[in-house]
């Protein structure tokens with residue numbers, strides 16, 4: 001009976017260690033802030049989204065899911081225009097996605113706290129249009145999780161948002177700056 005208890009305890013310990021090691025290989029976030037900013041002679045436009053979720057693995061794979069109606073603007077009219085079918089058509093395309101890989105993952109030590117440069121390659125989908133991207137960012141390893149941040153530009157016409165005449169062609173920037181800040185916890 002004693003031998004059986006020791007074997008059972010040993011198996012439970014290995015099983016627990018296996019679960020612990022597995023959980024440290026994948027991190028999740030629901031604490032993400034995505035900001036976009038554009039400027040034109042008419043006005044600056046800034047929006048914030050705090051409802052994005054995502055995952056990142058120690059093998060470098062990552063994914064973000066962005067509810068497009070989650071962007072909040074200073075002016076309600078801006079928010080209304082953003083969601084309309086002439087712009088991002090968030091009724092038909094409610095979610096944006098970023099799926100990819102950190103291509104220099106071998107330079108990031110998930111066991112050692114610090115800030116590491118990350119080369120990001122993936123596919124960004126907005127308004128049902130997917131384009132390949134290559135950007136840079138930083139991954140900060142902490143004692144209780146990770147923080148990822150990146151700032152990059154996207155050209156709206158690449159995602160089917162283009163105005164060639166009328167007021168929108170002057171009031172909406174052709175390129176917007178996107179800032180991503182995500183806080184991950186082990187899963």
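Determine whether region 69-85 contains at least one residue that is under 17 Å from residue 145 (Cβ atoms), in contact (Cβ under 8 Å) with a residue 12 or more places away in the chain and over 13 Å from the mean Cα position of the chain (by Cα). Full working, then the answer.
Of the residues in region 69-85, the ones under 17 Å from residue 145 (Cβ atoms) are none.
Looking for residues that are under 17 Å from residue 145 (Cβ atoms), in contact (Cβ under 8 Å) with a residue 12 or more places away in the chain and over 13 Å from the mean Cα position of the chain (by Cα), one finds none in region 69-85, hence no.
Taking the condition under 20 Å from residue 122 (Cβ atoms), at pLDDT 95 or above, touching a helix residue (DSSP H, G or I) at 6+ places or on another chain (Cβ under 8 Å) and surrounded by fewer than 18 Cβ atoms within 10 Å (Cβ to Cβ), does residue 58 pass?
Numbers: under 20 Å from residue 122 (Cβ atoms): yes; at pLDDT 95 or above: yes; touching a helix residue (DSSP H, G or I) at 6+ places or on another chain (Cβ under 8 Å): yes; surrounded by fewer than 18 Cβ atoms within 10 Å (Cβ to Cβ): yes.
It is true that residue 58 is under 20 Å from residue 122 (Cβ atoms), at pLDDT 95 or above, touching a helix residue (DSSP H, G or I) at 6+ places or on another chain (Cβ under 8 Å) and surrounded by fewer than 18 Cβ atoms within 10 Å (Cβ to Cβ).
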Worksheet item: When region 123-142 is examined, which residues are found to be in contact (Cβ under 8 Å) with a residue 24 or more places away in the chain and over 20 Å from residue 88 (Cβ atoms)?
Response: 137, 139, 140, 141, 142
Item to complete: Could you grab me the full set of residues in region 68-91 that are part of a loop (DSSP other than H, G, I, E, B) and farther than 20 Å from residue 53 by Cα?
Response: 74, 75, 84, 85, 86, 87, 89
Practice prompt. Determine whether region 153-161 contains at least one residue that is farther than 24 Å from residue 56 by Cβ, at pLDDT 95 or above and part of a loop (DSSP other than H, G, I, E, B).
Written response: no
Worksheet item: In region 109-129, what residues are surrounded by 14 or more Cβ atoms within 10 Å (Cβ to Cβ) and assigned to a strand (DSSP E or B)?
Response: 116, 118, 119, 120, 121, 122, 124, 125, 126
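The values are calculated or read from the model by the stated rules, or taken from the named source; none is laboratory data. Please read all numbers here as calculations on a predicted model, not as lab measurements. Using ideal geometry, Cβ is built from the backbone for each residue, glycine included, and neighbour counts are taken over all protein chains shown.
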